[in-house]
Amino acid sequence: METAYDGRQIVGMDLHRRRSVLVRMTEDGRRLGTSRIASSPQELRAQLARAGTSPKVVLEATYGWYWAADSLAAAGAEVHLAHPLGVKAFAYRRVKNDELDARDLADLLRMGRLPEAWIAPLPVRELRELTRYRAKLVSLRTSCKDQVHAVLAKLGVPVTCSDIFGAGGSAWLDGLGLPQPYAGKVTSLRRLTGELTTEITMLSGVTADLLAGDRGYQVIQQLPGIGPVLAAVIIAEIGDVHRFRTAGQLCSWAGLTPRHRESDIKVTRGHVTKQGSPRLRWAVVEAVQRVPRGSVIGSVKDAIIGRRGKEARNIAKVAAARRLLTLVFYGMRDGQIRCLSSSGQPPGIHPDGPVHE
């Protein structure tokens, strides 16, 4: 029997593909009820009606959470998204089940100790869908090309073209006269590569059109190493840059800041955490590898290598990526990157790095 309660309810939801569990409780932690529902918008709305007016609902950022968060918001709930790393300790309980997971999520929310993830608005999610799908297709195309090279290696055919998928390389492949089944495999892979290239080109155009009026998208392309493709990835992954108070917070969210372990008088700082957006981290590191020497970003990398030697190339690359992301932050926030202007170094940008604001 459920307890009568007129206050605002806290709801913890353990979301799964087929069935989900909802635990409702009061703001002081009293259990009001537990429901097991089929994972569908209709069932979710019906159960949420029992939670009163504008309940606080928390669910984990797990597989396929979009529809649940949207359905809850449309039903008038205040939706919170739990960060998976923050609730990882659930897995170490002696007893673990869906009801306990939902209850613990609700407890963390009502006590103000919930590690939250950002709920990206619909336009940002749609942009991410395009950029991430394009990246997946590029990965598939690379796999196809690698398999063609693998076939040639198996047959002991030396590659004499710099690009066997260009115009000259295609003519060279046509004239090889490979035996079956290798010839059929290469033909199939080349056909798939062409189809994937068509899809990738189409997605690039759609993304560019979608971001044509975005000021941040235009501004960050002034930075060395960042073109239309990487700019789209960066804009999509960051979303609203104003949710970060400083450039350092954005770098930390991207996983580009070093680990820090401190206990008593012992302090250890290690490699970068990599606990953040892997796609954003990939985009800025990829951009750094394309920057010219002597540029505002390239000079960071060159200075570290000059001071610590070639063995520090990876350290220099990460440091340059962090500097690049710092400038991305200011470009998206202010609509301009002042350190690239002809007036010299602006306030807030120090030759050795951004100062604290």
Is it fair to say LEU81 is in contact (Cβ under 8 Å) with a residue 60 or more places away in the chain and not basic (Lys, Arg)? no
Evaluation of SER35 against (1) hydroxyl-bearing (Ser, Thr, Tyr); (2) part of a loop (DSSP other than H, G, I, E, B); (3) in contact with a helix residue (DSSP H, G or I) (Cβ under 9 Å, 6 or more places away or on another chain) (one fails), failing number: (2)
What are the pairs with Cβ atoms under 6 angstrom where one residue, in the stretch 207-225, is in contact (Cβ under 8 Å) with a residue 12 or more places away in the chain and the other, located anywhere, is crowded, with 16+ Cβ neighbours inside 10 Å and of a type in the set (Phe, Trp, Tyr)? Sequence gap at least six, or different chains. LEU211/TYR217
Scan the stretch 267-274 and give yes if some residue there is in a loop (DSSP other than H, G, I, E, B), open to solvent by 80 Å² or more (accessible area, probe 1.4 Å), over 13 Å from ARG322 (Cα atoms) and of a type outside the set (Asp, Glu), otherwise no. no
The condition of being free of Cβ contacts under 8 Å to residues at least 60 places away in the same chain, in contact with a Gly (Cβ under 9 Å, 6 or more places away or on another chain) and not small (Gly, Ala, Ser) holds, among VAL267, VAL328, VAL272, VAL285, only for VAL272
Which numbered condition trips up GLY294, out of (1) at pLDDT below 90; (2) at negative phi; (3) out of contact with any Asp or Glu (no Cβ under 7 Å at 6 or more places or on another chain); (4) of a type outside the set (D, E, K, R)? (2)
Counting only residues in the stretch 41-98 that are within 13 Å of SER20 (Cα to Cα) and among the hydroxyl-bearing types (Ser, Thr, Tyr), the one most open to solvent (accessible area, probe 1.4 Å) is identified as TYR63
Filtering the stretch 232-266 down to residues that are at pLDDT 85 or above and charged (D, E, K, R), which residue is surrounded by the fewest Cβ atoms within 10 Å (Cβ to Cβ)? LYS266
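Residue-wise test of (1) among the small types (Gly, Ala, Ser); (2) outside any helix (DSSP H, G or I); (3) in contact with a strand residue (DSSP E or B) (Cβ under 7 Å, 6 or more places away or on another chain).
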position: GLY169; (1), (2), (3): yes, no, no
position: GLY177; (1), (2), (3): yes, yes, no
position: GLN180; (1), (2), (3): no, yes, no
position: ARG190; (1), (2), (3): no, no, no
position: GLY194; (1), (2), (3): yes, no, no
position: THR201; (1), (2), (3): no, no, no
position: GLY205; (1), (2), (3): yes, no, no
position: GLN222; (1), (2), (3): no, yes, no
Looking at LEU173, is it under 30 Å from ARG31 (Cα atoms), assigned to a helix (DSSP H, G or I) and open to solvent by less than 50 Å² (accessible area, probe 1.4 Å)? no
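The values are calculated or read from the model by the stated rules, or taken from the named source; none is laboratory data. Not measured: the values here are computed from a predicted model. So basically every Cβ, Gly included, is an ideal-geometry build from the backbone, and we count neighbours across all protein chains shown. All accessible areas refer to the heavy atoms of the entire protein, side chains included, with ligands and DNA or RNA removed. Shrake-Rupley method; radii C 1.70, N 1.55, O 1.52, S 1.80 Å.
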